[in-house]
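To start, the structure under review is shown below, and the notes come after it.
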Amino acid sequence: MRLLSILALLLASLTAHGQAIINLDFEPEANGRRPLLLRGRRQYPDDLLIRLDTTSRAQHGRGSLLIDASRAEEAEATFISATIPVTDSLRGQIVTFTAWIRTEDFRGQVWLSANSGVINESLSSGNTRTDAVSATPTADWQQLRLQLPVSRMADHVWLAVHMNGRGRIWLDNYQLHWRNQPWVDAPLPGTEALLLPPGTPLPDWDFERRGPAEVRGPQAWPRRWQLDSAVVQHGRRSLRVPAAEAGAAPVYLGVVPLDSLQGKTLTIRGYVRYATATGAPAQLQYRILSNSDRRSFPYDRFKWPGQLLTAALPAPAGPPGWQPFELKVPISDRFNHSELTLLLRPGAGPVWLDHLELLVDGHGFTPTAPPTPGLPKPAELAWLRKAAVPLRTTAPDGGDQKDLAAFGQLVGTSKVIGLGEVTLGSHEQMQLKHRLFRYLVEQKGVRLLALEADLGPCLALNDYLQTGQGDPKALVAELPAWDTAEMLALVQWMRSYNQRAPGAKLQLLGLDLQEAPASLRYLRPHLPASPNYRTDKLAELQAHLRELEAANVQLHLLRQPDAAAPLLAEAQRLLAELRTAYDLPAKLSSRYQPFPGEAVLLPQLLRVAEQFSLYHTLAASLRPSYRAACLAENLQWARAQTSGGKAVVWSHNESLATYNRDDETLGMQLRRQYGADFLAVGLAFHEGTFRALRSEEPPAFVTATAAASAVGSYEHYFRAAALPAALLDIRTPELLPGTQWLFENLQFREGTLKAYTQPFGRHSLRREFDALLYLPKSTPAQAVQ
């Protein structure tokens, strides 16, 4: 239950709406996986990197913002800011701005600033520059605080965290409070276009072909317009928007690209009509969005939202009829403006719009749609249909394996085969990997299944495989997220194989280190009942490792090899005592002989505990790469238990990828160690559902929906080719007109256990995998009954 709770804590909830949020908490899933979408800042030096970090421990949620000036020769300066719209309840109040920071090998100062005002004018301000924090070089999360009086005339509050120095600093959880109430990071009208999928057509401003674009799927907002062919000013249709209740969000009309309009004036003109001759006029609202400055780095993914501005349309007049209107918007050349979003606030009665036109400096303007991913070409689909090998079934039914011959050729004499996955919660993915593992055992001599799971529970499962002792259901349940009927079926097949097959037996071992303290309890059954074995020291070590984990020491031991680490030193002392206490009595016994209980398992469990102690002493930026190296080292030990035999590594796509732009992966380690003897096989699917862990307490698994792959993704090529479950060799194809898409960096589904639509990120498939398995559909893995 502890591990299930840990998984739940790592997964923050995702709010579904049709507008973007500022994302003051730096959550990675916000705004369609563009988490820095509305984050403003200035970044000039080339030695400064700003990016979202999900591998380090955040102060709140899953993400924090890393400002990395560790490579700078001199102190670098930047700030991370946000603009918050002001409502009547906030004007005239004293607000408190707080933000959290964490440092690593940082030398410099950090401070807050804030102001309230209107466009181009500050009406109140405050900062902590005079008492700026001289940040502790390496320190855990600490809170900064600043109070600000909000002007009674202000329409926004601007908040910023400034830094000037060298090293690394993390920011998280910006908050604004007044009267003990937090400001809610609410959806921003005028940001709807940012959530539309790539390839969405530009607006039809005359409403002849279509109405305004809509966000589909979980983030959809209710449609509040109709195309009307009975009341028109021009052509055959107009746009009718019904009356809205007070406080209702404005209606999204469309977006105008501004990339070529800097320094010019955009005019929007058209016609408006009301149902009655009385009442307040409707309003046009617009927001200009800007890209990060032109010197931004590739990892920066944000836009500056600008202000939501309002312009009244002509008032109702009798008798009701069409009235012309015109809105002029100067586009500054001082900023990298990207788009203007147009909205309509209808008022108390229905309103019609028609024949909207765009002009630039008085001349008609037809925007050019931004580049969109192209549909697969006929030559590409023809090549894919020919190259992909259809699979007879995903089910491990023991039937004909001729369809796996191509897979066998890819494997060849590989010593380590990595089988990736998008999620452990997919029935088809788990079944297909089971079927491939059976094939590798029966046809390629594989004798080891290495899971990216902790060693302790896997040892108990391995004992069952060798002896038949234990309840396999209960043993599988000790592996959170793996406790499925599909995993149980695999374990039971492995036990059956060991019973009937001569020669070397199948083994199942774990490679991970993240629950090493809990895994130490698996030492006890293997220890003789003798006081010399100091089981009291074992309990002491377990407790000390938990203390070290909670302390979050965060040392950069490469730059500070002599840095004081008392908790690590104590862990190393206890480990040395235990090794001596276990090893010496065994070797002095007249009955001593190396056997798995003492000569193999005992030292490895202590080695994993040592890895755990170092992992939780290292700086967060070093932990992913260190863990990957430990996984590779533990695989070497696991292979030694089968006399260096062939192994299957069952892990996630991201872990097995042989390329990653940020951190070291297990796949990168294995490619260096084994070269062509390591085969990395990724897995992809088009659409469906999966078993996911909900974020709410208590932790529980639910069924979640994965969005269908879209144009611009690798998966969409398989879908467009109408392929069934299939295998594709992506290591050997040459660059040809039919294979060009394989050489491009396209979108690829990034898996999760979280209960929300699984996201896509940009990947380089041929650099990450040797082969790809494709499934058209996913359904949830089943719980063990």
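The number of residues in the range 382-397 that are modelled with pLDDT under 95 and crowded, with 21+ Cβ neighbours inside 10 Å comes to 0. If you go through the range 140-180 and keep only what is of a type in the set (Asp, Glu) and under 26 Å from the mean Cα position of the chain (by Cα), you end up with ASP140, ASP172. What are the residues in the range 761-774 that are in a strand (DSSP E or B) and surrounded by fewer than 23 Cβ atoms within 10 Å (Cβ to Cβ), if any? Selection gives GLY761, ARG762, ALA771.
Remark: pairs (first residue in the range 610-624, under 16 Å from SER70 (Cα atoms); second residue polar (S, T, N, Q); Cβ separation under 6 Å; 6+ apart in sequence or on different chains) = ALA619/GLN554; ALA620/SER56.
Just to be sure, is ARG91 among the charged types (D, E, K, R) and touching a residue at least 60 places away in the same chain (Cβ under 8 Å)? Spell out how you get there, then give the answer.
Numbers: among the charged types (D, E, K, R): yes; touching a residue at least 60 places away in the same chain (Cβ under 8 Å): yes.
Judged against the criteria, ARG91 is a match.
Restricting attention to the range 329-353, which residues are touching an Asp or Glu at 6+ places or on another chain (Cβ under 7 Å) and assigned to a strand (DSSP E or B)?
Of the range 329-353, the ones touching an Asp or Glu at 6+ places or on another chain (Cβ under 7 Å) are 336, 338, 341, 352.
Residues satisfying the conditions are SER338, THR341, TRP352.
Flag: ALA154 matches the condition of being in a loop (DSSP other than H, G, I, E, B), modelled with pLDDT under 90, more than 30 Å from GLU76 (Cα to Cα) and outside the structural domain of GLN283 (by TED's automatic domain parsing). Taking the criterion of being of a type in the set (A, V, I, L, M, F, W, C), modelled with pLDDT under 90 and assigned to a loop (DSSP other than H, G, I, E, B), the residues of the range 281-313 that qualify are PHE297, PHE302.
Residue count for the range 157-199, restricted to those that are among the charged types (D, E, K, R), outside any loop (DSSP other than H, G, I, E, B) and within 24 Å of GLY247 (Cα to Cα): 1.
Could you run through the range 455-481 and say how many residues are in a loop (DSSP other than H, G, I, E, B) and within 19 Å of TYR522 (Cα to Cα)? Break it down stepwise before answering.
Taking the range 455-481 first, the residues in a loop (DSSP other than H, G, I, E, B) are 468-471, 477-481.
Now drop any that are not within 19 Å of TYR522 (Cα to Cα), which leaves 468-471, 477-480.
Within the range 455-481, residues that are in a loop (DSSP other than H, G, I, E, B) and within 19 Å of TYR522 (Cα to Cα) number 8.
For the range 403-454, what are the residues that are part of a loop (DSSP other than H, G, I, E, B) and touching a Gly at 6+ places or on another chain (Cβ under 6 Å)?
Of everything in the range 403-454, those that are part of a loop (DSSP other than H, G, I, E, B) and touching a Gly at 6+ places or on another chain (Cβ under 6 Å) turn out to be GLY420, VAL422, THR423, ARG447.
Pairs meeting the criteria (first residue in the range 350-371 and among the charged types (D, E, K, R), second residue part of a strand (DSSP E or B), beta carbons under 6 Å, at least 6 apart or on different chains) are ASP354/SER238; ASP354/TYR271; GLU357/ARG269; ASP361/THR265.
Can you pull out the residues in the range 656-670 that are crowded, with 20+ Cβ neighbours inside 10 Å and closer than 16 Å to GLU633 by Cα? Of everything in the range 656-670, those that are crowded, with 20+ Cβ neighbours inside 10 Å and closer than 16 Å to GLU633 by Cα turn out to be LEU656, THR665, LEU666, GLY667, MET668, GLN669, LEU670.
Conditions tested, residue by residue: (1) among the aromatic types (Phe, Trp, Tyr); (2) over 29 Å from THR413 (Cα atoms); (3) in contact (Cβ under 8 Å) with a residue 12 or more places away in the chain; (4) not in a strand (DSSP E or B).
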| position | (1), (2), (3), (4) |
| --- | --- |
| ARG671 | no, no, yes, yes |
| GLU687 | no, yes, yes, no |
| SER709 | no, yes, yes, yes |
| TYR717 | yes, yes, yes, yes |
| ARG731 | no, no, yes, yes |
| GLY738 | no, yes, yes, yes |
| LEU742 | no, no, yes, yes |
| PRO776 | no, yes, yes, no |
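Just to verify a result, which residue in the range 451-475, among those that are without any contact (Cβ under 8 Å) to a residue 60 or more places away in the chain and among the charged types (D, E, K, R), is surrounded by the fewest Cβ atoms within 10 Å (Cβ to Cβ)? Per the stated criteria, the residue is ASP471.
Applying the condition of being among the polar types (S, T, N, Q) and within 30 Å of ASP483 (Cα to Cα) to the range 693-742 and asking which residue is surrounded by the most Cβ atoms within 10 Å (Cβ to Cβ) yields SER709.
Quick check, is ALA243 farther than 25 Å from THR368 by Cβ, part of a loop (DSSP other than H, G, I, E, B) and of a type outside the set (Lys, Arg)? Taking the combined requirement at face value, the residue satisfies it.
The values are calculated or read from the model by the stated rules, or taken from the named source; none is laboratory data. Bear in mind the structure is a predicted one, so any value in this text is a computation, not a measurement. Cβ atoms come from the backbone with ideal geometry, glycine included; neighbour counts cover every protein chain shown.
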